[in-house]
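The values are calculated or read from the model by the stated rules, or taken from the named source; none is laboratory data. Everything numeric in this text was worked out from a predicted model, so none of it was measured. Cβ coordinates were reconstructed from backbone atoms using ideal geometry, including for glycine residues, and neighbour counts include every protein chain displayed. Side chains are part of the model used for accessible areas, which takes the heavy atoms of the whole protein and leaves out ligands, DNA and RNA. Shrake-Rupley method; radii C 1.70, N 1.55, O 1.52, S 1.80 Å.
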Amino acid sequence: CILSLRRDCEKTRTADEEKRLRAAVSTLFGDSVTDLDMVADRMILPKEREDALREQFHSFASAELVVTDRLHGMIFSALTQTPCIVIDSKSPKVRGCYEWIRELGYIRFADSPEQIPELYQAMPQECSYSIVHLQPYYEMLKEEIMEKLVKRE
């Protein structure tokens, strides 16, 4: 299991919630839990970015579960077809993006750490990334952009 959790000012977990979250994950994975930060500890040069991104994708794809409160943790999980349980942070972008991809049954939102084992047990066996349900929204956006471009001319 990968824990990819905020450590910055957007972190909303109390020390007690952190303890309960880690306990919930430990009941499922014991000592097989890895903390993975989405923030690089060094500057990544443009020529290194593709490899760094590939390495992150590989880490996510290798996990049985990702527990995250980070937007990119949720997105990386979706793209790598890795089961993911999302917990809230201060930013509404996490919940907002979740609403767009909630159709992916392997991305779940937990309102409390105690829900993690139950949500994990209910994960589908097959995880498949698809955006078919979003196509109508993309078409609407495309039309709006085209209208704005035509008005500019």
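Annotations
- Rg/Rh (Cα only; Kirkwood hydrodynamic radius) as it applies to the chain: 1.03
- Nearest-0.05 FRET efficiency for residue 15 and residue 100, computed from C-beta distance (R0 35 Å): 0.65
- Residues 151, 90, ordered by accessible area of protein heavy atoms at a 1.4 angstrom probe radius and largest first, appear as 151, 90.
- Relative contact order, whole percent, for the chain stands at 24, derived from Cα pairs under 8 Å and 6 or more residues apart.
- The relative contact order of the stretch 90-153 comes to 29 percent, based on Cα pairs under 8 Å that sit 6 or more residues apart.
- Exposure of residue 41 as accessible area (Å², to 10), given a probe of 1.4 Å and all protein chains: 150
- Heavy-atom accessible area per residue - the stretch 1-139, 1.4 Å, Å²: 58
- Summarising the label geometry, the points placed 7 Å from Cα in the beta-carbon direction at residue 140 and residue 128 lie 2.6 nm from one another.
- Degrees, to the nearest 10: 49-62 long Cα axis against longest axis of the chain: 50
- Straight-distance crosslink candidates among aspartates and glutamates, where the alpha carbon sits under 20 Å from residue 47 and sequence neighbours closer than 8 are dropped: 55
- One Cα centroid belongs to the stretch 1-68, the other to the stretch 116-135; the line between them spans 19 Å.
- In loop segments of the stretch 3-80 as defined by DSSP, the GluC sites (Glu not before Pro) with at most 14 further C-beta atoms inside 10 Å of their C-beta are 10, 64.
- Rounded to the nearest 10 degrees, the inclination of helix 135-152 to the longest alpha-carbon principal axis of the chain is 40 degrees.
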